[in-house]
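Remarks on the structure that follows.
The values are calculated or read from the model by the stated rules, or taken from the named source; none is laboratory data. In this text the structure is predicted, and so the values were computed from the model without any measurement. Virtual Cβ from ideal backbone geometry, glycine too; neighbours counted across all protein chains shown. Areas reflect the complete protein model, heavy atoms only, side chains present, ligands, DNA and RNA absent. Shrake-Rupley method; radii C 1.70, N 1.55, O 1.52, S 1.80 Å.
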Amino acid sequence: MKLKLDHVVKTFKDKHAVDGVTTELTNGVYGFLGANGSGKTTLMRMLAAVSRPTSGTITLNGEEIGKMGDRYRDLLGYLPQHIGYYKHFTVEKFLYYIASLKGMEKKAAAGKITELIEMVNLTEKRKTKMGKLSGGMKQRVGIAQALLNDPKILIVDEPTAGLDPKERIRFRNLLAAIAKDRIVLLSTHIVSDIEYIAKEILIMRDGRLIEKDTPQNLVHHIERKVWSVNAEEAEVPGYQASYKVGNISRQMDGIQLRIISEEKPAANAVNVPVNLEDLYLYYFDEEVGA
Ligand SMILES: Nc1ncnc2c1ncn2[C@@H]1O[C@H](COP(=O)(O)OP(=O)(O)OP(=O)(O)O)[C@@H](O)[C@H]1O
Ligand SMILES: [Mg+2]
């Protein structure tokens with residue numbers, strides 16, 4: 001399968017939310033990184049055929065998705081960033097409801113719903129009303145509904161928001177397991193969500209796709225720009241003003257700063273192995289300290 005985006009633009013009034021994205025997606029997990037407002041949701045909504053590009057085209061195996069109608073929706077699972085849940089529905093009823101919207105027969109839905117509820121670890125909450133679930137539990141119901149029709153294209157917009165670390169790992173493993181013969185596109189702010197499972201990482205900035213590469217290559221790109229610096233407490237603000245500072249760890253023998261910089265930021269600075277968090281800092285310095 002091949003999803004192809006060709007100069008995709010989405011404009012709201014005079015705002016270019018997505019500004020000319022051209023790329024190709026094939027089977028595997030794609031991690032979608034970008035600061036707030038960079039256009040991830042807007043692009044994902046177009047890929048989910050919920051909205052149409054202002055200009056440009058999105059095709060699946062050569063056919064424009066907007067013209068495929070139900071044939072596209074049958075292939076698609078979508079978890080929107082903000083999903084409306086019916087708080088008086090139980091988990092089970094909600095999933096039956098979504099299954100019926102997807103045109104599934106009740107019998108087929110029943111088996112699938114049991115399987116998915118188990119997979120997202122909500123068997124005990126099956127009869128609980130949605131309004132009584134925690135944020136993370138609701139998110140897991142959202143993931144389950146996206147998988148109801150066994151989609152070949154799965155688009156999940158910040159699916160791990162509100163999940164605790166254990167749930168997050170579980171979800172990551174789940175995605176990795178189902179990604180084999182599907183296109184999975186996942187947006188997140190949390191680099192560790194995708195670091196190990198993404199075939200490629202796409203980085204958005206101001207509506208543009210500025211990088212698309214394997215995690216290894218992206219990390220390689222900033223090798224020797226990541227430093228560890230030993231500092232005194234009083235020096236910290238100075239470093240923060242002049243550099244992109246990531247982790248600050250305060251230990252018995254002083255303070256360790258993680259700094260992203262083209263040049264060596266201090267005499268005692270040493271290069272350290274790069275991780276994708278560093279990459280995030282490198283591209284989105286406005287998020288420093290957040
Ligand atoms: N319906 C809309 N009308 C007007 N502007 C919009 C609309 N939807 C999005 N935008 C604008 O388009 C830009 C991209 O928004 P989008 O929600 O796609 O970003 P995002 O990368 O998903 O951000 P976040 O990380 O906060 O979810 C933002 O400037 C946003 O304000
Ligand atoms: Mg978004």
- Does the stretch 49-61 contain at least one residue that is more than 10 Å from ligand 1 (Cβ to nearest atom), open to solvent by less than 20 Å² (accessible area, probe 1.4 Å) and under 21 Å from TYR280 (Cα atoms)? no
- Query: Could you list, in sequence order, the residues of the stretch 146-162 that are touching a Lys or Arg at 6+ places or on another chain (Cβ under 8 Å) and open to solvent by less than 10 Å² (accessible area, probe 1.4 Å)?
  - Reply: LEU148, PRO151, ILE153, LEU154, ASP157, THR160
- Task: Could you tell me which residue of the stretch 182-230 is farthest from ligand 2 (Cβ to nearest atom), considering only residues that are hydrophobic (A, V, I, L, M, F, W, C) and open to solvent by 40 Å² or more (accessible area, probe 1.4 Å)?
- Result: ILE210
- Task: Give the residue, chosen from GLY39, GLY69, GLY111, that is surrounded by fewer than 18 Cβ atoms within 10 Å (Cβ to Cβ) and on the phi > 0 side of the Ramachandran plot.
- Result: GLY69
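Looking at LYS127, LYS152, which is the one that is out of contact with any Phe, Trp or Tyr (no Cβ under 7 Å at 6 or more places or on another chain), in the same structural domain as ALA35 (by TED's automatic domain parsing), free of Cβ contacts under 8 Å to residues at least 40 places away in the same chain and among the basic types (Lys, Arg)?
Result: LYS127 is the single residue among LYS127, LYS152 that is out of contact with any Phe, Trp or Tyr (no Cβ under 7 Å at 6 or more places or on another chain), in the same structural domain as ALA35 (by TED's automatic domain parsing), free of Cβ contacts under 8 Å to residues at least 40 places away in the same chain and among the basic types (Lys, Arg).
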- Query: Out of (1) of a type outside the set (Lys, Arg); (2) within 12 Å of ligand 1 (Cβ to nearest atom); (3) open to solvent by less than 30 Å² (accessible area, probe 1.4 Å); (4) in a strand (DSSP E or B), what's the single condition that is false for MET44?
  - Reply: (4)
- The lone exception for VAL8 - which of (1) outside any strand (DSSP E or B); (2) modelled with pLDDT of 95 or more; (3) more than 17 Å from SER187 (Cα to Cα) it fails: (1)
- Task: Would you please list the contacts, defined by Cβ atoms under 6 Å and residues six or more apart or on different chains, that run from a residue in the stretch 70-92 that is more than 23 Å from PHE171 (Cβ to Cβ) and assigned by TED's automatic domain parsing to the domain that holds LYS138 to a residue that is β-branched (Val, Ile, Thr) and outside any loop (DSSP other than H, G, I, E, B)?
- Result: TYR72/ILE65
